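Novice: Okay, handing you the structure first.
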């Protein structure tokens, strides 16, 4: 089969994405593949609390608002089996409609992940996207380092959801995903439980192009400086360091500081006006940083050396949390430098993180499916 025929056949590939919904990744992945001619659709079990866009939501019954025994009985003996039935019927409805099933870890169709065995029995291809905490080995070299997510984290609820308190169970789950997957998109700090971490593919994040031209002139003659910080989790995002730095700098500079929970649409609108976005202080960046770069913000996001080697040219400003005040002050004192960083940010985004760019990269990976 020649290259042209192979390209035509790969575009006939039918891709299911979901049903997990971390930071809207299911929707973005599906749209990125559609942008390069692949038939891809995303489905999610739950709409995201920040309003990230979705293609289709699989409607299920929610927990009752009552407390005590009534809630326990209703959730365990009524809602759980009913929702399990809904998921089973949904699984059957899509089983033969798609060729590749692309999961946002750790959620597959069933809680016990037995659907993966069924997919492989019918010759389906499987891909996994490893977004973060649910895949990390908290005790490996990278996640035991200072400033890692695991180093910061004391959220017992989050740790229980991610099975951090049951490392053997967590390892077995990830190794099972690895066994069933034809493709895994991951970072080094989310590959610690893989038996062959070197086989993990780069994890590309992406977002939409801004709806209007990015205003890079906002750094010239600004009457006040707009600094933004949107913590999805205050502890992991280092919010206390940000607020302490802003409090000290407010007497020296006129600062408009915005930090509150809002929808993704509101975040994007505000990023189009921001000068500085302070993201996080762990080892690398997330989707919010990509959204900031796309809108011409100067993004502050701590990059550990291993992360910098994975993304050597990403124009984020890196600093430790205790150095944030000095870092922001250095930026505010040099608007020309900030504008140069903003220009590089927009350029980097357009070359690396648009839906079409990432779609082409995934298309090249999936070429191996076509024989």
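The values are calculated or read from the model by the stated rules, or taken from the named source; none is laboratory data. Not measured: the values here are computed from a predicted model. Ideal geometry is used to build each Cβ from the backbone, glycine not excepted, and the neighbour counts take in all protein chains shown.
Novice: Say whether the condition of being under 30 Å from residue 324 (Cβ atoms), touching a residue at least 24 places away in the same chain (Cβ under 8 Å), part of a strand (DSSP E or B) and in the same structural domain as residue 322 (by TED's automatic domain parsing) is met by at least one residue in the stretch 205-223.
Specialist: Checked the stretch 205-223: no residue is under 30 Å from residue 324 (Cβ atoms), touching a residue at least 24 places away in the same chain (Cβ under 8 Å), part of a strand (DSSP E or B) and in the same structural domain as residue 322 (by TED's automatic domain parsing).
Novice: Now a separate question. Please determine whether any residue of the stretch 243-263 is within 24 Å of residue 204 (Cα to Cα), assigned to a helix (DSSP H, G or I), modelled with pLDDT under 95 and within 19 Å of the chain's Cα centre (by Cα).
Specialist: no
Novice: Restricting attention to the stretch 291-314, which residues are part of a helix (DSSP H, G or I) and either surrounded by 24 or more Cβ atoms within 10 Å (Cβ to Cβ) or not assigned by TED's automatic domain parsing to the domain that holds residue 327 (or both)?
Specialist: Listed by number, the residues that qualify are 291, 292, 293, 294.
Novice: Mind listing whichever residues of the stretch 125-159 are touching a helix residue (DSSP H, G or I) at 6+ places or on another chain (Cβ under 8 Å) and either over 19 Å from residue 190 (Cα atoms) or not assigned by TED's automatic domain parsing to the domain that holds residue 45 (or both)?
Specialist: If the condition is that a residue be touching a helix residue (DSSP H, G or I) at 6+ places or on another chain (Cβ under 8 Å) and either over 19 Å from residue 190 (Cα atoms) or not assigned by TED's automatic domain parsing to the domain that holds residue 45 (or both), then 125 is the only one that fits.
Novice: From the list 31, 14, 97, which one is at pLDDT 95 or above, assigned by TED's automatic domain parsing to the domain that holds residue 361 and under 23 Å from residue 266 (Cα atoms)?
Specialist: Of 31, 14, 97, the one residue that is at pLDDT 95 or above, assigned by TED's automatic domain parsing to the domain that holds residue 361 and under 23 Å from residue 266 (Cα atoms) is 31.
Novice: Within the stretch 204-213, work out how many residues are touching a helix residue (DSSP H, G or I) at 6+ places or on another chain (Cβ under 8 Å) and either buried (at least 20 other Cβ atoms within 10 Å of the Cβ) or farther than 17 Å from residue 266 by Cα (or both).
Specialist: The number of residues fulfilling the criteria is 4.
Novice: Name, by its number, the condition in (1) out of contact with any strand residue (DSSP E or B) (no Cβ under 8 Å at 6 or more places or on another chain); (2) crowded, with 21+ Cβ neighbours inside 10 Å that does not hold for residue 110.
Specialist: Condition not satisfied by residue 110: (2).
Novice: Out of all the residues in the stretch 113-122, is one or more within 21 Å of the chain's Cα centre (by Cα), modelled with pLDDT of 95 or more and under 25 Å from residue 33 (Cβ atoms)?
Specialist: There is no residue in the stretch 113-122 that is within 21 Å of the chain's Cα centre (by Cα), modelled with pLDDT of 95 or more and under 25 Å from residue 33 (Cβ atoms).
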